[in-house]
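The values are calculated or read from the model by the stated rules, or taken from the named source; none is laboratory data. Please read these numbers as outputs of a predicted model, since none were measured by experiment. Cβ coordinates were reconstructed from backbone atoms using ideal geometry, including for glycine residues, and neighbour counts include every protein chain displayed.
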Amino acid sequence: MSNLNTISDETMFDLRHDRSAPDLWPMLQALYGSHPNYAAFAKSLIKALKSAWKARPAELKLLDLKRDFEPDWFQRAQMAGYVFYIDRFAGTLNGITDKIPYLQDLGINYVHLMPCLKPRPGDSDGGYSVMDYGAINPRFGTMADLKAVSGELHHHGMSLCIDLVLNHTAKEHAWAKKAAKGDAQYQDYYLMFDTDAHPNAYEQSLVEVFPNNAPGNFTHYPDIGKWVWTTFNEHQWDLNWANPQVFLEITKVMLNLANHGVDVVRLDAVAFMWKRLGTRCQSEPEVHMILQALRACSRIAAPALIHLEEAIVGPQEMLPYLGRGKHDGKEGNLAYHNSLMVQFWSALATRDARLMTHVMSTHFPENLTNATYATYIRCHDDIGWAITDEDAAALHLSGPAHRAYLSEFYHGGFPGSFAKGALFQVNAETGDKRISGSFASLAGLEKAQTETEVETALKRINLGHALIACFGGIPLIYMGDELATLNDDGYLNQPDHAHDSRWIHRPMMDWQEAEARHDQSRPGARCFTGLKHILARRRATPGLHAAHPTRVLGCPATAVFAVQRLAPTGGLLALFNFSDEWQHIPGAWLRANGVTAWHDALADQSVSLHDDRLSLAPLGAVWLQ
Ligand code: GLC
């Protein structure tokens with residue numbers, strides 16, 4: 001037993017284990033308790049946690065303590081994230097160091113490196129088909145380089161997020177190769193069937209993620225004599241999370257990454273981790289039990305690490321990823337706010353904020369425990385119109401018709417549409433048409449002919465950035481969006497990419513444009529300046545701390561989306577005008593909703609009323625204090 005001056009590593013481990021044991025063991029017991037190897041598994045897990053803790057570098061243990069003292073570090077208004085492909089942004093891991101000043105100039109202190117672990121050769125779904133979780137993609141560098149980059153980022157006050165794909169591995173992963181050779185132990189790591197009876201039964205209720213290039217959810221391998229569960233692409237084999245050994249292996253991987261200085265793991269495609277006959281096999285209750293247990297493992301052996309959960313699902317299905325009910329405060333620290341993103345695009349097309357207001361106020365609580373959103377407008381993936389028929393009906397819209405309209409609008413075909421995008425995974429059976437395209441192209445910059453149209457497109461981009469900077473959460477900027485990068489058709493000439501229109505918005509970083517970011521005659525520079533200003537104002541506005549409640553209000557002007565941030569020490573009311581017209585908001589309504597100072601924290605200037613009405617410019621935003 002140590003005294004206070006010399007707390008031993010073992011004591012520290014025990015304290016941390018005691019703290020999180022109630023979050024961990026009941027979950028594992030419920031998931032795996034009846035498994036014949038449960039006792040051995042539990043012993044191996046403890047051993048793995050202990051050895052990860054033992055191997056954890058001293059500077060990270062210090063960071064663990066710091067974050068014990070400041071558990072809200074990721075919720076603060078200072079936070080702003082940037083997401084990029086390593087090769088497309090910086091060439092290699094080592095190249096990232098040179099780019100830190102650029103990121104700092106923009107106001108970024110969190111970076112998400114898109115998949116960096118060793119992918120299968122050839123098409124790897126942008127790196128999401130991993131064949132070795134213990135190695136970095138050799139084109140980018142080594143595990144030692146990852147550690148060095150994390151050190152550099154930490155030195156500059158920035159944190160590091162990387163992907164951990166846990167629903168599937170590449171079929172070239174060592175486990176999969178052994179399974180393919182007939183090793184029963186490893187066959188149990190995956191979901192493999194001798195006949196098509198089970199696959200057919202499951203297919204009755206499954207949906208297709210990539211219906212165009214990877215139809216169905218199973219792949220038959222005559223040479224192996226098995227049907228393998230492959231939700232995404234043929235080369236991505238779903239892991240069998242009902243096998244405790246899979247939990248153990250992935251926990252080790254996760255803690256090893258944490259010990260290389262990773263602050264945030266982005267847990268990819270988590271909704272699909274548990275299968276149940278007769279369901280869509282998405283967001284089953286066991287998924288949340290697994291995710292809570294993984295989180296507890298991090299809290300024990302790498303407490304500085306937090307979890308970002310990627311579940312691109314409808315509004316009601318998404319919230320549990322941030323911990324609801326018995327998982328409250330114990331699951332993801334972060335999850336993507338897919339609905340906010342979808343509603344932004346919907347409101348922009350219709351120039352009407354009522355559906356957005358309905359969805360945000362009906363399905364999302366004002367408070368989250370120990371968690372917040374990753375807010376974003378664009379990312380590396382497509383946009384799926386996750387708007388339910390019920391929500392559409394509440395606004396007297398037809399769900400299918402509204403979704404079809406949004407696809408037409410953002411593909412660019414709808415008369416009067418300002419957008420230019422590409423279709424992704426058109427599903428003839430369901431009528432679904434998802435959309436690819438860069439923020440700027442979807443917002444009208446690519447089609448803009450006149451200086452006024454250019455300005456209007458830039459206003460739409462600013463509106464989106466002002467929204468995600470204020471809603472509550474960490475705003476994530478997707479590489480190139482700060483410079484209003486347009487769609488790039490170049491992917492069509494690349495055999496590995498041509499089938500996947502998401503590459504239209506994944507071009508190489510335009511460093512020439514970045515260099516020219518002070519030349520305000522360029523739209524890219526004006527976009528950069530606008531975003532830089534928004535992030536600076538966010539930092540200067542502590543009321544935007546994500547722990548403060550977010551309340552969505554119905555604004556008397558129906559084109560305006562209104563959000564209150566209820567900070568006890570001075571909240572604010574943010575207004576976003578989605579129309580191309582001036583909107584006039586009654587002063588009485590503003591006063592009734594807490595506006596007293598008549599100061600716009602976004603522009604950092606006072607506002608004045610005329611005829612007791614506030615006039616909000618077309619596509620304008622204000623954060624009123
Ligand atoms: C996630 C990724 C996406 C990928 C999929 C399968 O949704 O964001 O790019 O295709 O997982 O790994």
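Do you know which residues across segment 158-173 are more than 16 Å from the ligand (Cβ to nearest atom) and either part of a loop (DSSP other than H, G, I, E, B) or in contact with a His (Cβ under 9 Å, 6 or more places away or on another chain) (or both)?
Answer for segment 158-173, where residues must be more than 16 Å from the ligand (Cβ to nearest atom) and either part of a loop (DSSP other than H, G, I, E, B) or in contact with a His (Cβ under 9 Å, 6 or more places away or on another chain) (or both): Met158, Leu160.
Please state which one of Lys226, Lys252 is more than 15 Å from the ligand (Cβ to nearest atom), of a type in the set (Lys, Arg) and in contact with a strand residue (DSSP E or B) (Cβ under 6 Å, 6 or more places away or on another chain).
None of the other options fit; the residue is Lys226.
If Asp238 passes every condition in (1) under 30 Å from Ser51 (Cβ atoms); (2) away from the ligand (no atom under 16 Å from the Cβ) but one, which one does it miss?
(2)
Is one or more of the residues making up segment 57-73 modelled with pLDDT of 95 or more, touching a helix residue (DSSP H, G or I) at 6+ places or on another chain (Cβ under 8 Å), outside any helix (DSSP H, G or I) and closer than 30 Å to His17 by Cβ?
Scanning segment 57-73 turns up at least one residue that is modelled with pLDDT of 95 or more, touching a helix residue (DSSP H, G or I) at 6+ places or on another chain (Cβ under 8 Å), outside any helix (DSSP H, G or I) and closer than 30 Å to His17 by Cβ.
Can we say Ser608 is in a loop (DSSP other than H, G, I, E, B), of a type outside the set (A, V, I, L, M) and touching a strand residue (DSSP E or B) at 6+ places or on another chain (Cβ under 9 Å)?
Considered against the rule, which asks whether it is in a loop (DSSP other than H, G, I, E, B), of a type outside the set (A, V, I, L, M) and touching a strand residue (DSSP E or B) at 6+ places or on another chain (Cβ under 9 Å), Ser608 comes out as yes.
Does Gly278 satisfy the criteria of being assigned to a loop (DSSP other than H, G, I, E, B), within 20 Å of the chain's Cα centre (by Cα) and either at pLDDT 95 or above or more than 15 Å from the ligand (Cβ to nearest atom) (or both)?
No; evaluated as a whole, the condition is false for this residue.
Could you tell me whether Lys43 is more than 27 Å from Glu515 (Cβ to Cβ), in a helix (DSSP H, G or I), among the basic types (Lys, Arg) and free of Cβ contacts under 8 Å to residues at least 12 places away in the same chain?
Yes; evaluated as a whole, the condition is true for this residue.
State which residue is farthest from Asp391 (Cα to Cα) when the search covers only segment 403-436 and only residues that are outside any loop (DSSP other than H, G, I, E, B) and in contact with a helix residue (DSSP H, G or I) (Cβ under 7 Å, 6 or more places away or on another chain).
Taking the candidates together, the pick is Ala422.
Which residues, counting only those in segment 583-605, are exposed (fewer than 13 other Cβ atoms within 10 Å of the Cβ) and assigned to a loop (DSSP other than H, G, I, E, B)?
Once the filter is applied, which keeps residues that are exposed (fewer than 13 other Cβ atoms within 10 Å of the Cβ) and assigned to a loop (DSSP other than H, G, I, E, B), segment 583-605 yields only Thr596.
Condition test on Gly431, is it more than 16 Å from the ligand (Cβ to nearest atom) and either at negative phi or touching a residue at least 12 places away in the same chain (Cβ under 8 Å) (or both)?
So Gly431 passes the test.
Here is a check on your reading of the model: is Val111 more than 16 Å from the ligand (Cβ to nearest atom), part of a helix (DSSP H, G or I) and either crowded, with 22+ Cβ neighbours inside 10 Å or at positive phi (or both)?
Considered against the rule, which asks whether it is more than 16 Å from the ligand (Cβ to nearest atom), part of a helix (DSSP H, G or I) and either crowded, with 22+ Cβ neighbours inside 10 Å or at positive phi (or both), Val111 comes out as no.
Among (1) within 16 Å of the ligand (Cβ to nearest atom); (2) not in a loop (DSSP other than H, G, I, E, B), which single condition is Arg299 missing?
Status for Arg299: all satisfied but (1).
Can you give me the number of residues within segment 119-157 that are surrounded by 21 or more Cβ atoms within 10 Å (Cβ to Cβ) and either away from the ligand (no atom under 16 Å from the Cβ) or acidic (Asp, Glu) (or both)?
Of the residues in segment 119-157, 7 are surrounded by 21 or more Cβ atoms within 10 Å (Cβ to Cβ) and either away from the ligand (no atom under 16 Å from the Cβ) or acidic (Asp, Glu) (or both).
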